[in-house]
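Shown next, in structure tokens, is the structure this report addresses.
The values are calculated or read from the model by the stated rules, or taken from the named source; none is laboratory data. Since this is a predicted model, take the numbers as computed values, not measurements. Quick reminder, even Gly has a Cβ in these numbers, built from the backbone with ideal geometry, and neighbours come from all protein chains shown. Only protein heavy atoms, including side chains, enter the accessible area calculation; ligands, DNA and RNA are left aside. Shrake-Rupley method; radii C 1.70, N 1.55, O 1.52, S 1.80 Å.
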Amino acid sequence: MNNKMKKGSLGGILALVAFTLFVASLLMVLLTGADVVKRLTDRDRENYDRMTATQYIATRVHQSDVDGMLSVGTFGENSAIIITEEIEGSLYNTLVYCHNGYLREMFCAADAELSPTFGEEIVPMESFVAEDMGDHIRVTVSDGKREDTLYFSLRSRKEAN
């Protein structure tokens, strides 16, 4: 009987060791999978922010492509797209610019002297440079990892010529 107990104990120990190895390998697979999911999620968020920023800028420029309404300038020390409109006899500006790590937009009276920190945060953005190239505008944006350059051919300037 003593021999049977030794065989049973040995079999139980081997089963426990096999189960422990199975659980350990299962945990390794789950942890590896969680890391992959986190990296994919981070990459997708960065792509979403970058694409949102470029689409937002493109939409604002295309909506404002009216003679005299769209210009490029500075706001504080920041490069900005300036959209001017007249509402009930008063001039207002919508400013699109980058400040403190965010693409921002601000709507204000044309003669208002406000700080760039007052603008509404749109998406994270490290840099934004808008340049007037005559019949088109070049906008370069960077999220710190990737830089995109957008070119906008302005119909309003071509129609004026």
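Give me the residue from the range 45-60 that is more than 8 Å from the chain's Cα centre (by Cα) and among the hydroxyl-bearing types (S, T, Y) and, out of that set, most open to solvent (accessible area, probe 1.4 Å).
First, the residues of the range 45-60 that are more than 8 Å from the chain's Cα centre (by Cα): 54-60.
Okay, now just the ones that are also among the hydroxyl-bearing types (S, T, Y), so 54, 56, 59.
On the way: T54: 13, Y56: 46, T59: 67 Å².
Looking at the filtered set, the residue picked out is T59.
Specify the residue that is surrounded by the most Cβ atoms within 10 Å (Cβ to Cβ); the eligible residues are those in the range 116-141 that are over 19 Å from M51 (Cβ atoms) and of a type in the set (A, V, I, L, M).
That would be I137.
Would you pick out the residues in the range 73-111 that are open to solvent by less than 40 Å² (accessible area, probe 1.4 Å) and among the aliphatic types (A, V, I, L, M)?
A80, I81, I82, I83, L95, V96, L103, M106, A109
Looking at L14 and the list (1) outside any helix (DSSP H, G or I); (2) surrounded by 10 or more Cβ atoms within 10 Å (Cβ to Cβ), which single condition is not satisfied?
Tallying (1) outside any helix (DSSP H, G or I); (2) surrounded by 10 or more Cβ atoms within 10 Å (Cβ to Cβ), L14 fails exactly one: (1).
If the requirement is being small (G, A, S), exposed (fewer than 12 other Cβ atoms within 10 Å of the Cβ) and within 30 Å of D44 (Cβ to Cβ), which of these qualifies: G144, G68?
On the way: G68 fails: within 30 Å of D44 (Cβ to Cβ).
After applying the criteria, what remains is G144.
Kindly indicate the residue of the range 43-64 that is aliphatic (A, V, I, L, M) and in contact (Cβ under 8 Å) with a residue 12 or more places away in the chain and also farthest from E126 (Cα to Cα) among those meeting that condition.
Initial filter on the range 43-64 (aliphatic (A, V, I, L, M)): 51, 53, 57-58, 61.
Filter again for in contact (Cβ under 8 Å) with a residue 12 or more places away in the chain, leaving 53, 57-58, 61.
On the way: A53: 11, I57: 15, A58: 18, V61: 20 Å.
So the residue we want is V61.
Let me confirm something: among S79, S115, S90, which residue is at negative phi and touching a strand residue (DSSP E or B) at 6+ places or on another chain (Cβ under 6 Å)?
Numbers: S115 fails: touching a strand residue (DSSP E or B) at 6+ places or on another chain (Cβ under 6 Å); S90 fails: touching a strand residue (DSSP E or B) at 6+ places or on another chain (Cβ under 6 Å).
After applying the criteria, what remains is S79.
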